[in-house]
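Take a look at the structure set out below.
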Amino acid sequence: MIPRTTHALSLIILLTLALFIGSAEAKSFRYVIIDPGHGGHDRGGLNGKVYEKHLALDTALRLEYYLKNKGIRTKMTRRSDVFISLPGRAAYGNKYGNSIFVSIHYNHTRKTDPHGLETYYYGAEGKVLASYVQAGMMRKISTINRGVKHAGFYVIRHSKHPAILVECGFVSNNAERERMKKAWFRQSVAEGIGEGILQYKRAR
């Protein structure tokens with residue numbers, strides 16, 4: 001006969017494990033919603049014929065390829081040079097439960113000095129995701145670490161999921177623009193984002 005104290009202790013352990021496993025599953029995700037910024041008539045930041053919309057789409061497609069090769073399921077808000085409204089992007093991502101939302105952008109300012117990579121979040125879980133992604137990019141690209149920042153960008157503010165917006169460099173900076181025109185740079189950024197996502201998933 002099992003003593004009552006032993007039985008009670010076993011029950012507590014099982015309940016604790018069930019709560020832990022349930023919590024881990026709740027924080028995991030089924031899809032990565034990849035959102036290439038801008039598109040169509042909305043060219044985004046630009047310098048000459050270097051348009052943010054093209055850079056963002058190319059980087060997003062590279063990220064999709066990387067994640068799929070790692071067994072991660074993805075959804076893209078756009079796969080070609082088309083315009084999608086901000087509400088449309090958020091609504092598309094919100095169709096897929098148990099997901100994370102990653103919006104890909106390239107920065108632009110009136111000044112030519114700013115450069116480097118940064119990642120924005122809105123909610124608390126988005127901050128965790130942003131931290132992993134920012135660290136992943138910095139391991140791949142030698143540049144200024146502009147850090148993880150809170151912001152109210154529409155697509156992350158209206159996402160029902162952990163959501164981030166990644167700025168992959170400044171089109172307005174001459175040296176950085178020359179690098180982002182190279183395939184190796186966009187590939188490195190995509191892999192850095194992807195590695196950050198994988199680490200986030202493993203930590204859940």
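Nothing in this text is a laboratory measurement; each read-out follows from the coordinates by a stated rule. None of the values given here were measured: they were computed from a predicted structure. Cβ: placed from backbone, ideal geometry, glycine included. Neighbour counts: every protein chain shown.
Take Ala175, project a point 7 Å from its Cα along the Cβ direction, then tell me which residues of region 107-128 have their backbone nitrogen under 16 Å from it.
Within reach of a label on Ala175, which here means backbone N under 16 Å from a point 7 Å along Cα→Cβ, region 107-128 contributes 112-117.
Could you please state, rounded to a whole Å, how far the C-alpha centre of region 56-114 is from the C-alpha centre of region 132-204?
Region 56-114 and region 132-204 have Cα centres separated by 11 Å.
Does the chain classify as rounded, prolate or oblate by the C-alpha gyration tensor (a ≥ b ≥ c root eigenvalues; a/c under 1.5 gives rounded; else a/b over b/c gives prolate, otherwise oblate)?
Prolate, since a/c reaches 1.5 and a/b exceeds b/c.
Beyond 30 Å between alpha-carbons counts as too far, so tell me which of Lys111/Lys181; Lys49/Lys201; Lys111/Lys201 fall in that bin.
Lys49/Lys201; Lys111/Lys201
I'd like the FRET efficiency for Ser28 and Phe83, computed as 1/(1 + (r/R0)^6) with the beta carbon distance as r and R0 of 45 Å, rounded to 0.05.
For Ser28 and Phe83, the calculated efficiency is 0.85.
What percent antiparallel are the DSSP beta bridges of the chain, to the nearest 5?
Counting DSSP beta bridges with both partners in the chain, the antiparallel share is about 25 percent.
Taking a 32 Å limit on the Cα-Cα distance, which of the listed pairs Lys160/Lys182; Lys70/Lys149; Lys53/Lys127 fall beyond it?
Lys160/Lys182
Length gain on complete extension for the stretch Asn47 to Asn98, per 0.36 nm per residue less the alpha carbon to alpha carbon distance?
In short, 14.6 nm is gained.
Could you work out how far helix 4-27 tilts from the main Cα principal axis of the chain, as a 0 to 90 degree angle to the nearest 10?
Result, in degrees: 10.
Among Asn69, Asn98, Asn173, which one moves the most in a GNM of the chain with springs linking Cα atoms closer than 10 Å?
Asn69
Starting from the Cα of Thr112, move 7 Å in the Cα-to-Cβ direction to define the label point; list residues of region 161-189 whose amide nitrogen is under 11 Å from there.
In region 161-189, the label zone of Thr112 (backbone N under 11 Å from the point 7 Å along Cα→Cβ) covers 172-175.
How much length would be gained if the chain were fully extended between Ala151 and Ala183, taking 0.36 nm per residue of separation minus their Cα-Cα distance, in nm to one decimal?
8.6 nm
Of the residues Asn145, Asn47, Asn107, which exhibits the maximal mean-square fluctuation in a Gaussian network model of the chain defined by a 10 Å Cα contact cut-off?
Asn47
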